[in-house]
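Written out below as structure tokens is the structure these notes cover.
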Amino acid sequence: MPKIITIYRPLECRPDSYGLWYQQGNTLRDWGQFQEALASYDKALEYRTQSYWAWYRRGNVLDELGDYKAAVASYDKALAIEPTDYWAWYERAYGLRRLGCYQEALISYDKALQARPTDYWAWYNRGRVAVKDLHWYEEAIASFEIALEIRPTDYWAWYRHGEALRLLGRDQQAIASYDQAIQTRPTDYWAWYRRGEACQHQGDFKVAISCYNKALDVRPRDYWAWYRRGETLYQLGRYQEALVSYERSREVEPNDDYAVYNQACCYAQLEKVDLAIEALQQVIKWNARKYQPLAKSDFAFDNLKQDQRFQRFILS
């Protein structure tokens, strides 16, 4: 049980006062003393069990304490009193999402939107659950589009709208959404990086490289942007430049097997046989089950297959 304290002197004379316990709970919540606030709300509810606000604020402090199951139960109590209240439905959705109850969270956002049909945050978070947690991309796109009708220049809605489109393979539309996000935040790492991925996926490799460059201007030591830049340069046949990108990614993750394997591919294409064999030996030492069969079938190593070292380490 949370410790019951009194910071309001009138409670010493009126310990049965709902209003004083409720106000004390609010003050303790504002001070960040959530356990003590919870105890105060519980005392308030002993004297007024049908108080919407005490149940709602109790849910708030339980959220802060990370007890999402109890928080949802408190919001349910509040909603039994005020069934159409926006805030209780909205906060309930947050708790359900943290509990992994994603479809129930969507239902709660829908209930919140019945109360406030043009609320940006409920539409945005509804889309966020759909794209990130449920992978319901069409559903997410529809939610973000309504959110963007309300806030046409919002970075996050444009960015996540782009994410849903990219994950559906609708790269050109995704790029247009990332462009809208970038107009709002021109130096945002994620929009540039994901734009690069979409360009790379649709084969627009030179533009993809420029996007990764922009992302790296923001995060110069980002592993993934260097790695994807290396992949894209390799696809363009610019093997020496790709090697440099993979080396930069390995400055961040020195033992990354993907980057080392791809370096081996680059060395092979550049006919640097010794370096290719050395890199292959390294990744096979780390993960033979994965990289031996991969190297056997990879056309990048066709010019190495007569080398005795390749035969010994790969074809054996």
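Annotation: of all residues in the range 19-45 being touching a residue at least 12 places away in the same chain (Cβ under 8 Å) and among the charged types (D, E, K, R), the one that is farthest from R98 (Cα to Cα) is K43. Within the range 59-77, residues that are acidic (D, E) reach partners that are buried (at least 23 other Cβ atoms within 10 Å of the Cβ) with beta carbons closer than 6 Å, at six or more positions or on different chains, in the pairs D63/A71.
Here is a list: A80, A164. Which entry is without any contact (Cβ under 8 Å) to a residue 40 or more places away in the chain and surrounded by 15 or more Cβ atoms within 10 Å (Cβ to Cβ)?
Details: A80 fails: surrounded by 15 or more Cβ atoms within 10 Å (Cβ to Cβ).
Being without any contact (Cβ under 8 Å) to a residue 40 or more places away in the chain and surrounded by 15 or more Cβ atoms within 10 Å (Cβ to Cβ) holds for just one of A80, A164, which is A164.
The set of residues in the range 150-172 that are under 24 Å from W121 (Cβ atoms), assigned to a helix (DSSP H, G or I) and out of contact with any Gly (no Cβ under 8 Å at 6 or more places or on another chain) comprises I150, Y155, W156, W158, Y159, G162, E163, L165, R166, L167. Cβ contacts < 9 Å: first residue in a loop (DSSP other than H, G, I, E, B), restricted to the range 179-192; second residue at pLDDT 95 or above and surrounded by fewer than 19 Cβ atoms within 10 Å (Cβ to Cβ), any location; separation 6+ or different chain. Result? These pairs meet every condition: R185/Y155; T187/D217; T187/V218; D188/Y155; D188/V218.
Please verify whether A37 is more than 23 Å from R151 (Cβ to Cβ) and either in contact with a strand residue (DSSP E or B) (Cβ under 8 Å, 6 or more places away or on another chain) or of a type in the set (A, V, I, L, M, F, W, C) (or both), treating the condition exactly as stated.
Working: more than 23 Å from R151 (Cβ to Cβ): yes; either in contact with a strand residue (DSSP E or B) (Cβ under 8 Å, 6 or more places away or on another chain) or of a type in the set (A, V, I, L, M, F, W, C) (or both): yes.
So A37 fits the description; yes.
Do we find a residue being in contact with a Pro (Cβ under 9 Å, 6 or more places away or on another chain) and surrounded by 15 or more Cβ atoms within 10 Å (Cβ to Cβ) anywhere in the range 99-114? Scanning the range 99-114 turns up at least one residue that is in contact with a Pro (Cβ under 9 Å, 6 or more places away or on another chain) and surrounded by 15 or more Cβ atoms within 10 Å (Cβ to Cβ).
Being in a helix (DSSP H, G or I), at pLDDT below 95 and out of contact with any strand residue (DSSP E or B) (no Cβ under 7 Å at 6 or more places or on another chain): is that true of A276 here?
Here the answer is yes, as A276 does meet what is asked.
For (1) at pLDDT 90 or above; (2) of a type in the set (S, T, N, Q), each residue gets a yes or a no:
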{"position": "S17", "(1), (2)": "no, yes"}
{"position": "Q33", "(1), (2)": "yes, yes"}
{"position": "E46", "(1), (2)": "no, no"}
{"position": "Q50", "(1), (2)": "yes, yes"}
{"position": "D76", "(1), (2)": "yes, no"}
{"position": "D85", "(1), (2)": "yes, no"}
{"position": "R98", "(1), (2)": "yes, no"}
{"position": "Y102", "(1), (2)": "yes, no"}
{"position": "L113", "(1), (2)": "yes, no"}
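The values are calculated or read from the model by the stated rules, or taken from the named source; none is laboratory data. Note that the structure is a prediction, hence the values are computed from the model and not measured. Backbone-built Cβ (ideal geometry, glycine too); neighbour counts: all protein chains shown.
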